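**Q** Handing you a structure now.
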Amino acid sequence: QVHLVESGGGLVQAGGSLRLSCAASESILRLNYMGWFRQAPGKERELVARISSSGLLYYADFVKGRFTISRDHVKNTPYLQMNSLKPEDTAMYYCAVGALGPTYWGQGTQVTVSS
């Protein structure tokens, strides 16, 4: 069982930046899938970005050009760099990892963007 802990969330003004990290309780190098999801109040959880072990990337349209997902193979940690934040980016952000899909989830970190 892989335990994940997200960090880096907080309150930021529109146009600002945050960098989210996801620490793992054990090595996750063997896991191909790493992704970041978000869930705003009253809305369903949605995929923000994902990265495979080979470096294949996917971004949701609403974050393209603003967010960057990466993975640190030394620290076994996925990151999400968020720039040009908008109030509609306000949500709980979750990292998820797994062999082929999002199997293990963290508890989330809150991102709040003020206008």
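**Q** As an exercise: evaluate Leu11 against (1) closer than 13 Å to Gln107 by Cα; (2) open to solvent by 90 Å² or more (accessible area, probe 1.4 Å) and give the number of the one condition it does not meet.
**A** Result: Leu11 passes all but (1).
**Q** Which one of these does Ser70 not meet: (1) hydroxyl-bearing (Ser, Thr, Tyr); (2) part of a strand (DSSP E or B); (3) modelled with pLDDT of 95 or more?
**A** (3)
**Q** Could you check, for the stretch 19-36, whether at least one of its residues is surrounded by fewer than 20 Cβ atoms within 10 Å (Cβ to Cβ) and on the phi > 0 side of the Ramachandran plot?
**A** No, every residue in the stretch 19-36 fails to be surrounded by fewer than 20 Cβ atoms within 10 Å (Cβ to Cβ) and on the phi > 0 side of the Ramachandran plot.
**Q** Please state which one of Arg50, Arg38 is out of contact with any Gly (no Cβ under 7 Å at 6 or more places or on another chain), of a type in the set (Lys, Arg) and in a strand (DSSP E or B).
**A** Testing whether each residue is out of contact with any Gly (no Cβ under 7 Å at 6 or more places or on another chain), of a type in the set (Lys, Arg) and in a strand (DSSP E or B) leaves just Arg38.
**Q** Hey, Val48 hits all of (1) of a type outside the set (Asp, Glu); (2) modelled with pLDDT of 95 or more; (3) closer than 19 Å to Gly98 by Cβ; (4) open to solvent by 90 Å² or more (accessible area, probe 1.4 Å) but one; which does it fall short on?
**A** It is condition (4) that Val48 fails.
**Q** Under 7 Å by Cβ, and 6 or more places apart or on different chains, what pairs join a residue from the stretch 46-68 that is over 15 Å from Asn83 (Cβ atoms) with one that is open to solvent by less than 40 Å² (accessible area, probe 1.4 Å) and part of a loop (DSSP other than H, G, I, E, B)?
**A** Correct list of pairs: Glu46/Ala60; Leu47/Ala60.
**Q** Here is a further query. Residues that are in contact (Cβ under 8 Å) with a residue 40 or more places away in the chain, basic (Lys, Arg), assigned to a loop (DSSP other than H, G, I, E, B) and in contact with a strand residue (DSSP E or B) (Cβ under 8 Å, 6 or more places away or on another chain): does the stretch 6-29 have at least one?
**A** Scanning the stretch 6-29 turns up no residue that is in contact (Cβ under 8 Å) with a residue 40 or more places away in the chain, basic (Lys, Arg), assigned to a loop (DSSP other than H, G, I, E, B) and in contact with a strand residue (DSSP E or B) (Cβ under 8 Å, 6 or more places away or on another chain).
**Q** Are any residues in the stretch 86-109 part of a loop (DSSP other than H, G, I, E, B), under 12 Å from Val5 (Cβ atoms) and of a type outside the set (S, T, N, Q), and if so, which ones?
**A** Correct list: Gly108 only.
The values are calculated or read from the model by the stated rules, or taken from the named source; none is laboratory data. Computed from a predicted model, the values in this text were never measured in an experiment. So basically every Cβ, Gly included, is an ideal-geometry build from the backbone, and we count neighbours across all protein chains shown. Ligands, DNA and RNA are excluded from the accessible area calculation, which covers all protein heavy atoms including side chains. Shrake-Rupley method; radii C 1.70, N 1.55, O 1.52, S 1.80 Å.
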